[in-house]
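Encoded as structure tokens, the structure appears first; notes follow it.
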Amino acid sequence: MQVKVKLFAILRERAGQSELLQEIGNDSTIGELWQTLRKEHSGLAAVNIKLLYAVNSDYVGPDHVLRDGDEVVFVPPVSGGC
Amino acid sequence: MYELRDKALDLNELVQVVGDPGAGAVVTFIGTTRDNNEGRRVYSLEYEAYPGMAEQEMRKLGEEAAAKWQLSRIAVHHRIGSVPIGEASVMIAVASPHRDEGFKACRYIIDELKKRVPIWKKEIYEGGEVWIGTQTGDPLPKMPWVSGS
């Protein structure tokens, strides 16, 4: 199955792209997807910050199981406001 | 009422949006960009958001505030893109029957916005640039709003 990963801020810059499609095994968790991306994208391998996870615009925990067609966002530390 | 904007924010617009003849108070907050941070001279700031989720999370904050205090209407506008020094990056307006609730709600919304709304700030300073929050490996906040985390 396939998910769409959107990348923002420091992750977008490190990966050199804002969006990618990723093939993953059935019942993969979002935490497993992140480890896969780190192996396949050298720019992300060097990222050593803690991330929050979001699926289809809602925060989820690292054990959240993904479904075909999900929109996934790895959320680096947020810094909105002022 | 919960919006991202790519140009200058307008407080009058928020105040009009929350206008309510039954409200005895409108409390507003304006967050502005500073020309310095941790001893560095900051030249400019860039804000980036996850569209859709950012507005949704701002709306959730408004709903949480409305569940805690008696409020009439709430508006939150956050600017994205390049924001010149000294201009507003965020504006909040809360109308409420009484002022105490409005002050508390305004404070709650800006404090929580900084913790969990997916918006990121990059500082461009003398000699470099940095995405705020990523430079020191600061631990992320606990996520009581995520089930199972």
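Values for this structure:
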{"read-out": "Helix-only mean residue ellipticity at 222 nm for chain A, each DSSP H run of n ≥ 4 adding -39500 (n - 2.57), per residue, nearest 500", "value": "-7000 deg cm²/dmol"}
{"read-out": "Estimated FRET transfer efficiency (B:Glu46, B:Gln70; beta-carbon r; R0 45 Å; 0.05)", "value": "0.75"}
{"read-out": "Dipole moment magnitude, nearest 20 debye, the protein assembly as shown about Cα centre, only Lys, Arg, Asp, Glu C-beta charged", "value": "440 debye"}
{"read-out": "Protection proxy ranking, peptides B:46-55, B:63-72, average beta carbon neighbours within 10 Å, highest first", "value": "B:46-55, B:63-72"}
{"read-out": "Of A:Lys50/B:Lys115; B:Lys68/B:Lys121; A:Lys50/B:Lys104; A:Lys39/B:Lys60, pairs whose Cα-Cα distance is over 25 Å", "value": "B:Lys68/B:Lys121; A:Lys50/B:Lys104; A:Lys39/B:Lys60"}
{"read-out": "Ordering of B:127-134, A:38-45, B:99-106 by packing [mean C-beta count within 10 Å, highest first]", "value": "B:99-106, B:127-134, A:38-45"}
{"read-out": "Residue mean of other protein chain beta carbons inside 10 Å, A:10-20", "value": "2"}
{"read-out": "Peptide A:50-61 - average C-beta neighbours from other chains (10 Å radius)", "value": "5"}
{"read-out": "For chain B, calculated [θ]222 nm from helices alone, where every DSSP H run of n ≥ 4 adds -39500 (n - 2.57)", "value": "-9000 deg cm²/dmol"}
{"read-out": "FRET efficiency, 1/(1 + (r/R0)^6) with R0 45 Å, evaluated for B:Ala25 and B:Glu126 via beta carbons", "value": "0.60"}
{"read-out": "Cα centroid separation - segment B:1-29 against segment A:31-82, whole Å", "value": "33 Å"}
{"read-out": "Positive-end residue of B:Gln70, B:Leu9, A:Leu44, charge dipole of the protein assembly as shown with Cβ unit charges", "value": "B:Gln70"}
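No lab work stands behind these numbers, since they all come straight from the coordinates. Everything numeric in this text was worked out from a predicted model, so none of it was measured. Note that we place each Cβ from the backbone using ideal geometry, even for glycine, and neighbour counts take in every protein chain shown.
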